[in-house]
1. Look at R53 and say whether it is part of a strand (DSSP E or B), more than 21 Å from A99 (Cα to Cα) and open to solvent by 30 Å² or more (accessible area, probe 1.4 Å).
2. Going through the range 21-50 one residue at a time, which ones are open to solvent by 40 Å² or more (accessible area, probe 1.4 Å) and basic (K, R)?
3. For R18, all conditions in the list (1) under 20 Å from the mean Cα position of the chain (by Cα); (2) open to solvent by 30 Å² or more (accessible area, probe 1.4 Å) hold save one; what is the number of the exception?
Amino acid sequence: MYAELRDTAAELAGLLWREHTVYRERGGGVVIRGEHVGRWISLAPTGGKDQARVRAGRLLDGGTTAPARSEAVVDLSAGAGELAAVCRRLLADVTAAEAAPEPAGAARRPGRRARASRPAKPARGRHTGLGSWVVLLCVAGVVGLWVYGNFGTH
């Protein structure tokens, strides 16, 4: 199945992007990276005959891949042109999801780019908070009572 996916991915990559890299995934699938457009496409076996799961996502700064934003199951016997059309639709979904504004109050996942736009917390000097002082005084009091009890009653 890997050889068939690799051949299909190589043909598909030529239809989608002029500049691309095709490589094997850990799970036995194939990834097509379009560095110049900041997107990736993944073809993975589904267990069904002549079917593959196609996922699309974007590339992050530094070359890592973001989680897939869109996916579909396709029939590999349909031909490269039809498969390219499905991939273009998935890539358009990724682009639309990236451009769509988030609703007010929506929880953001850690590590997203919008998080960096928050103002930085003001730098505070090193100091011990009130709670820490209370704990230190309690510990010192207990140690003092122990010393007085053991050595102070002679």
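1. yes
2. Passing the criteria: R24, R26, K49.
3. Looking at each condition in turn, R18 falls short on (1).
The values are calculated or read from the model by the stated rules, or taken from the named source; none is laboratory data. What you see is a predicted model, and the numbers here were worked out from it, not measured in a lab. For accessibility, only protein heavy atoms count, side chains too; no ligands or nucleic acids. Shrake-Rupley method; radii C 1.70, N 1.55, O 1.52, S 1.80 Å.
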